[in-house]
Amino acid sequence: MTATDPALTALAQGWCALSLLHGRIETHIERALQTGHDLSVREYSLLDVLSRQHNGEGGHLQMKQVADAVVLSQSATTRLVTRLEDRGLLSRYLCPTDRRGIYTDVTQAGLALLDEARPTNDKALREALDEAAKLPELVPLVRVVESLPAPA
């Protein structure tokens, strides 16, 4: 393949369109969450991921798993956890079976904030997708996002 190869160009254009859609959605949701709930998109995502943990087998996520789920480095995730812990939205404690492990749970205050913020997130996502669907180059990507099945 060469830099002028039409397939490569199409691939690069597709990647640019996906990047554009992601940026537009994230910016719109960020504004809505900050304004309505004093939360960033990353903070919301972290609270959402951690709220889905459970106390059963494999129910608590390791920091690397959390970092992967919110698409941040482990160090950035740890800093984000610390900020949310300082706000009383998360708590950390030692794993009862492995003293090297640290679990992070969403507090009642964090769950309440997440419940308040979830409709804002969903509404902002819908608005961002509707806006993006007005651009012909983003229509196919919007359709794909809208057609994805809900996780089980």
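At a probe radius of 1.4 angstrom, the accessible area of the chain per residue rounds to 64 square angstrom.
Ordering Lys134, Lys64 by accessible surface, largest first, gives Lys134, Lys64; the 1.4 Å probe counts only protein heavy atoms, with every chain in place. Of the complete DSSP H runs in the chain, those spanning 24 angstrom or more by Cα along the long axis with a mean Kyte-Doolittle score not below -0.5 are 6-37. Between Leu90, Leu135, Leu50, the Gaussian network model of the chain with springs among Cα atoms under 10 angstrom shows the greatest mean-square fluctuation at Leu135.
Carbon-plus-sulfur accessible fraction, the range 35-114 (probe radius 1.4 Å, protein heavy atoms only): 51%.
Using the average count of surrounding beta-carbon atoms within 10 Å as a protection proxy, the listed peptides 123-129, 97-103 rank, highest first, as 123-129, 97-103.
Distance between the C-alpha centres of the range 31-78 and the range 91-123: 8 Å, rounded to the whole angstrom.
The values are calculated or read from the model by the stated rules, or taken from the named source; none is laboratory data. Values in this document were obtained by computation on a predicted structure and should not be read as measured data. Backbone-built Cβ (ideal geometry, glycine too); neighbour counts: all protein chains shown. Ligands, DNA and RNA are excluded from the accessible area calculation, which covers all protein heavy atoms including side chains. Shrake-Rupley method; radii C 1.70, N 1.55, O 1.52, S 1.80 Å.
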